[in-house]
1. Within the range 245-286, which residues are more than 26 Å from the chain's Cα centre (by Cα), within 14 Å of the ligand (Cβ to nearest atom) and assigned to a helix (DSSP H, G or I)?
2. Tell me, please, whether a residue that is of a type outside the set (Phe, Trp, Tyr) and within 17 Å of Phe82 (Cα to Cα) can be found in the range 150-167.
3. List the number of the failed condition for Lys34; all other conditions in (1) of a type outside the set (Asp, Glu); (2) open to solvent by less than 80 Å² (accessible area, probe 1.4 Å); (3) over 24 Å from the mean Cα position of the chain (by Cα) hold.
4. In the range 241-253, is there at least one residue being of a type in the set (Val, Ile, Thr) and in contact (Cβ under 8 Å) with a residue 60 or more places away in the chain?
5. Which of the residues that make up the range 332-344 are among the hydrophobic types (A, V, I, L, M, F, W, C) and either modelled with pLDDT of 95 or more or open to solvent by 50 Å² or more (accessible area, probe 1.4 Å) (or both)?
6. Go through the range 90-168 and tell me which strands (runs of 3 or more DSSP E), entirely inside it, have 1 or more residues that are modelled with pLDDT of 95 or more and either loosely packed, with under 15 Cβ neighbours inside 10 Å or more than 20 Å from the chain's Cα centre (by Cα) (or both).
7. Is it true that some residue in the range 354-372 is open to solvent by less than 60 Å² (accessible area, probe 1.4 Å) and over 24 Å from Asp88 (Cβ atoms)?
8. Just checking, which of Ile119, Ile35, Ile127 is in contact with a helix residue (DSSP H, G or I) (Cβ under 7 Å, 6 or more places away or on another chain) and among the β-branched types (Val, Ile, Thr)?
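The values are calculated or read from the model by the stated rules, or taken from the named source; none is laboratory data. These numbers were taken from a predicted model, which means no experiment stands behind them. Positions of Cβ are generated from backbone atoms using ideal geometry, with glycine treated the same way; all protein chains shown enter the neighbour counts. In case anyone asks, the SASA skips ligands and DNA or RNA and just uses the protein heavy atoms, side chains included. Shrake-Rupley method; radii C 1.70, N 1.55, O 1.52, S 1.80 Å.
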Amino acid sequence: MLTGDGAYIKKINRSYILTEIFEHYKISRANLSKIIGLNKATVSVQVNDLLDEELIYETQEEHNTVGRRPILLSINEKAAYFLGIDLDRDYILFNITDLKGDTVTYEKIDLQTDVYEEIVKLIAVQIKKYEKKYMDARYGLVHSMIAIHGTVSNDGNIHFIPRYQWHDKNILGDLEKLGVNNVSVENNANLSAYAEKIFNYHKSDNLLNINLSSGIGAGIIINGELHKGYHGHAGEMGHMIVYPKGKPCRCGNEGCWERYASEPIFFENANNQLETEIKTHSDIKRLLNEGNQEVMEELNKWIADLTIGLNNVINLYNPEMIVLNSPILKAYPHALEEIKKHLVSSVSHYRDIVISGLGAKAGVVGACAMGIQHFLDLPRLTLSETNNSINQ
Ligand SMILES: [Zn+2]
């Protein structure tokens, strides 16, 4: 039984009610009281507060049966907005979701510069633009979160981004000087793992999300929580050594996983072997559609190296779900079949392995979802991928 002061209990009950409304999408007061185990009067008082705050609204099921249709409660998606920013290699993605986690605005800006001050200025201008756009909503643009392809320092700023060679940048302070507040920074692979749980694999408390892009980075969820490690740098799996005395890596070691199984390596190897040049993921798709056997062989060789590392991380974590975020694997219909063929060890166990449907948007929608969870102070959050998949 919960004991404590009234305000605390009220806060806990409120977060339970909101959590259930998110999970059921539409739910009646009677069902809320049944599921949470609170009496109807208590639920009613809380619901009235949430209605006053415009965080939820009343609606009805649309059906044609005779009789009274119950009044249902749903999250008021237009009450608040959240911005996710992916600071990638040569471009920045800006994605805004409403309070239901559905994408309402998506913008990609190609970067013409890698100068820190100029990029910070660009981010500040964009945030201000969106603050203005959503200023009429009850809570406006609540929060912006920047997904970085690097490590976050203990004070929540940038510790290191290899692509830009930025060390210890006080980006939150620099944005504040430009008049922008309510921003935070998080590692992109962590946000991708979080997004897969919140949008797709709701019940999965042990999930590994592995991003195969210019390098290989992972987000790790253990017992429902993001595992960040002592310095916040956990998940640098791309630098696991898979070939002793192998190819030199930018990290100073030799034979790192990402020197064999990151996406640029596939293009590099394939273009050394094939007569036709492959530049994009669409090229891979087209050649596979044409029945090009050589491309398939190159893909299978690349996948063989990919599974060496996968086998190792499965043994380390015994994950329930493994989500692979990779446009190459997405383009190859036999990818999963081929991967599973190599994972034959009798001791390495996982429940399922899938290819991400969120793709390049995983980091930004994860950033928005994290904003929603913090804003409403929810113990858990359930959102739907429908409006956020890469095909949108
Ligand atoms: Zn390395």
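1. Those that are more than 26 Å from the chain's Cα centre (by Cα), within 14 Å of the ligand (Cβ to nearest atom) and assigned to a helix (DSSP H, G or I): none in the range 245-286.
2. no
3. (2)
4. Of the range 241-253, the ones of a type in the set (Val, Ile, Thr) are 241-242.
Within this subset, residues satisfying the condition of being in contact (Cβ under 8 Å) with a residue 60 or more places away in the chain are 242.
Within the range 241-253, one or more residues are of a type in the set (Val, Ile, Thr) and in contact (Cβ under 8 Å) with a residue 60 or more places away in the chain.
5. The answer is Ala335, Leu336, Ile339, Val344.
6. 103-110
7. Within the range 354-372, none of the residues are open to solvent by less than 60 Å² (accessible area, probe 1.4 Å) and over 24 Å from Asp88 (Cβ atoms).
8. Ile35
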